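Readers should treat all values here as calculations from the given coordinates under stated rules, not as data from a laboratory. Keep in mind that this is a model prediction, so the values were computed, not measured. Here the Cβ positions follow ideal geometry from the backbone for every residue, glycine too, while neighbour counts run over all protein chains shown.
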Amino acid sequence: MPTGWKVHRLDELGFVGRGRSRHRPRNDPSLYGGSHPFVQTADIKSANLKLREFTQTYNKTGLAQSKMWAPGTLCITIAANIAETAVLAISACFPDSIIGFIADPEKSDAIFIKYYIDLIKLRMQQVSHGTTQDNLSLDKLLRFDFVVPKAPVQQKIATILSAYDDLIENNLRRIKILEEMAQTIYREWFVKFRFPACAEASAGRPGHEKVKMVDSPLGKIPEGWEIKPLAELVETQYGYTESAQETRVGPKFLRGTDINKKPYVDWENVPYCLISKEEYPKFKLGVDDIVVIRMADPGKVAIVEVDIDAVFASYLVRLKISNKSITPYYLFYFLLSESYQGYISGASTGTTRKSASAGVIVGIDILIPPKSIIEKFQRTVVLLRKTLNNLLAKNAVLRRTRDLLLPKLISGELDVSEFDIKIENNTTSPLVGEGGDGGNG
């Protein structure tokens, strides 16, 4: 143990408590749809360092049976996604599948503890295995020893490591803007029909101002545009059935969970799988392949944009373009569009777990613009997506560098106590009381 470091339980370093969701059933619609953020385990897993985004909200009724936690609270998942962590950047409620830690500023730093848990996550997951469902539990969490230096040294370590995550988050914000730009261009050109003029080799095509709108089965469309069944333009294939593994036992194994949150693939976080040499060519993913989720979250879509050693899982359907009247990015953004997502939502079957067959996934008509317009869209979006993928690659390097430093800093192998480091304010404010009424929780 490094000089000056001591062993503590987590509850000796600050306040530890479970989230609260007392109402039963928990999915009662009367609790939701208000203005109070309600964070769940999947939100924490998808966050980087600071949690700002969430998928559900409580109304006043939901807030009254829960508890509001302040910004700076460290969230630790103990069910479903075990030992995932993120620090709240907003005030939020969360259920009892999440534990909240509020650092005592005299003893600890919340961001340092977040990185400490990242380092021992595998151990926490190993003690969480159950017969029906993995569960860490508060009691198991408090059995872990935290060997930590004094608070100022913790803050220095947290500042060094969080500098990498700050850069990652900045890149993620830029990625989000680039993706929003691409989707906006698609809507402007192919939904609102405000497309630009396009020059061809022999003659120019006029922009939207000079094009006549005509009736069609899809409503008013520009004259000269076609409508075709999507099934006639693509080939479909179901994915490979195997278990995902974190160790590099074979190619990357793209699953629904890797694409259901974002319209791009972060290959750094995709696991691996075993596959025979005979089956590998059949399921190998290539550049411009598009995959669509068919089970659990049908309709979510991703496009392969880099040359990578990867196959795709059985909950996905691959679409390969077989007709040159559409381009990969035009098809991709059509599948992302509100009209397609509305179609797939209505066409999916199942009361508890929605699903869509390959036939359903391609069982819709698609609008076919003139070749010059669709190719101009492809060229425009390629530039945006190239920048997006460059930022993803930079983030992969930043994560690897951070992860190399992490064990050396958290263990004290690399001593930073004498480093002249500007300390960020990582301390947290007290817990807001139950129902948002104040108090210390």
Query - Projected label distance in nm at residue 107 and residue 53, using a 7 Å step from Cα toward the beta-carbon - result: 3.5 nm
Query raised in the report: Taking amide hydrogens as modeled 1.01 Å from N in the peptide plane, which residues meet the under 5 Å criterion relative to residue 226, leaving out close sequence neighbours?
Result: 368
Query raised in the report: Summing Lys, Arg as +1 and Asp, Glu as -1, what charge do residues with Cβ under 12 Å from the Cβ of residue 309 carry, residue 309 excluded?
Result: +2
Report task. Using a 10 angstrom cutoff on alpha carbons, build the Gaussian network for the chain and name the most mobile of 173, 379, 24. Result -> 24
**Report entry** Full-stretch length increase - residue 129, residue 400 - with 0.36 nm per residue and alpha-carbon distance subtracted
**Finding:** 94.8 nm
Query raised in the report: Using the alpha-carbon atoms, what tilt in degrees (0 to 90, nearest 10) does helix 338-347 show relative to the longest principal axis of the chain?
Result: 80 degrees
Requested in this report: Lys and Arg at +1, Asp and Glu at -1: add these up for the other residues within a Cβ distance under 15 Å of residue 278 and post the number.
Outcome: +1
Report summary line: Simple spin-label estimate for residue 375/residue 30, 7 Å along Cα→Cβ, in nm, reads 6.2 nm
Report summary line: To the nearest 10 degrees, the tilt of helix 110-119 (Cα long axis) against the first principal axis of the alpha carbons of the chain is 70 degrees
Query raised in the report: FRET efficiency for residue 64 and residue 353, Cβ-Cβ distance as r, R0 = 35 Å, nearest 0.05?
Result: 0.65
Query raised in the report: When the chain is modelled as a GNM with alpha-carbon springs shorter than 10 Å, which of 128, 216, 276 fluctuates the most?
Result: 276
Requested in this report: Express the relative contact order of the chain as a whole percentage, based on alpha carbon pairs under 8 Å and six or more residues apart in sequence.
Outcome: 19 percent
Requested in this report: Work out, step by step, the length gained on full extension between residue 423 and residue 121: first 0.36 nm times the residue separation, then minus their alpha carbon distance; give nm to one decimal.
Outcome: 106.1 nm
Query raised in the report: Quick one: helix 371-410 against the long Cα principal axis of the chain, what's the angle to the nearest 10°, folded into 0 to 90?
Result: 20 degrees
**Report entry** Qualifying lysines (Cα of each under 23 Å from Cα of residue 121; at least 8 residues distant if same chain)
**Finding:** 6, 45, 50, 107, 140, 150, 156, 252, 261, 408
Query raised in the report: What nm value, rounded to one decimal, do you get for the distance between residue 386 and residue 138 when each label is placed 7 Å out toward the C-beta?
Result: 5.5 nm
Requested in this report: Would you mind calculating the gained length between residue 6 and residue 339 on full extension (0.36 nm times residue separation, minus the Cα-Cα distance), in nm to one decimal?
Outcome: 114.1 nm
Query - Neighbourhood charge, 15 Å Cβ-Cβ cut-off, centred on residue 237 and excluding it, Lys, Arg +1 and Asp, Glu -1 - result: +1
Query raised in the report: If you work out Rg/Rh (Cα atoms, Kirkwood Rh) from the coordinates, which of (i) 1.02; (ii) 0.96; (iii) 0.99 do you get?
Result: (i)
